[in-house]
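Down below is the structure, laid out as structure tokens.
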Amino acid sequence: MEEPTYDLASPRVLWGAATLTSAVVAVLAVRAVAVRILHPDPAFTPLSLGSPIVATIVCTMMAMYVFVGMASHPNPVRTWRRASAVVVILSFAPCMWLASSHLMGGGWPEALALMTMHLAVWAICATVLPWLAITKYPRQARPPDRPLSIL
């Protein structure tokens with residue numbers, strides 16, 4: 001069965017704000033659970049309060065920029081979901097490096113908490129962002145202002 005094609009509706013501040021807010025709330029929820037369970041070293045700044053918020057805002061805004069840039073692709077949603085899946089897998093590399101190097105007093109439990117944060121933001125960006133921004137109906141071409149001529 002062939003996947004339906006979707007077109008992006010005009011970018012709106014509303015869907016960007018909803019995506020950004022959802023991502024920050026999800027990260028803070030995962031962080032709260034991780035801090036309550038793991039009791040990480042205070043020197044482990046990736047699980048502090050400010051660092052995840054700033055990183056989530058910056059990276060989600062970059063994701064929205066890339067998503068809007070993909071509007072010219074034949075099937076922007078499918079392309080977006082595939083690209084975002086690759087990016088989230090690549091985002092695990094620094095987490096694994098932190099875990100193996102024990103930098104800032106973190107280990108694998110803290111790294112897994114960070115990876116869970118990455119997955120939460122990815123799930124929002126891969127599902128909520130297209131859901132808010134797409135339409136099933138292709139944009140209507142505007143009729144030309146003047147009659148068409150063969151000359």
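The values are calculated or read from the model by the stated rules, or taken from the named source; none is laboratory data. Note that the coordinates shown come from a computational prediction; the quantities given were computed from them, not determined experimentally. All Cβ positions, glycine included, derive from the backbone under ideal geometry; neighbour counts span all protein chains shown.
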**Prompt:** In the stretch 35-52, how many residues are touching a helix residue (DSSP H, G or I) at 6+ places or on another chain (Cβ under 7 Å) and more than 13 Å from Ala120 (Cα to Cα)?
**Reply:** 10
**Request:** Report, by residue number, each residue of the stretch 88-130 that is touching a residue at least 24 places away in the same chain (Cβ under 8 Å) and in contact with a Gly (Cβ under 8 Å, 6 or more places away or on another chain).
**Result:** Leu98
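State which residue is surrounded by the most Cβ atoms within 10 Å (Cβ to Cβ) when the search covers only the stretch 45-69 and only residues that are touching a residue at least 40 places away in the same chain (Cβ under 8 Å) and not β-branched (Val, Ile, Thr).
Going through the stretch 45-69, the residues touching a residue at least 40 places away in the same chain (Cβ under 8 Å) turn out to be 45-47, 52, 56, 59-61, 63-64, 67-68.
Of the ones still in play, those that are also not β-branched (Val, Ile, Thr) are 46-47, 52, 59, 61, 63-64, 67.
Numbers: Pro46: 20, Leu47: 21, Pro52: 22, Cys59: 18, Met61: 14, Ala63: 23, Met64: 19, Phe67: 25.
The residue in question is Phe67.
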**Request:** Please find, within the stretch 65-88, the residue that is nearest to the chain's Cα centre (by Cα) out of those that are polar (S, T, N, Q) and either under 25 Å from Met115 (Cβ atoms) or not in a loop (DSSP other than H, G, I, E, B) (or both).
**Result:** Ser84
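So, in the stretch 13-28, how many residues would count as being surrounded by 19 or more Cβ atoms within 10 Å (Cβ to Cβ) and either touching a Cys at 6+ places or on another chain (Cβ under 6 Å) or among the hydrophobic types (A, V, I, L, M, F, W, C) (or both)?
Taking the stretch 13-28 first, the residues surrounded by 19 or more Cβ atoms within 10 Å (Cβ to Cβ) are 15-16, 19-20, 22-23, 26-27.
With either touching a Cys at 6+ places or on another chain (Cβ under 6 Å) or among the hydrophobic types (A, V, I, L, M, F, W, C) (or both) added as a condition, the list becomes 15, 20, 23, 26-27.
Qualifying residue count for the region: 5.
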**Prompt:** Of the residues that make up the stretch 31-44, is at least one at pLDDT 95 or above, buried (at least 19 other Cβ atoms within 10 Å of the Cβ) and on the phi < 0 side of the Ramachandran plot?
**Reply:** yes
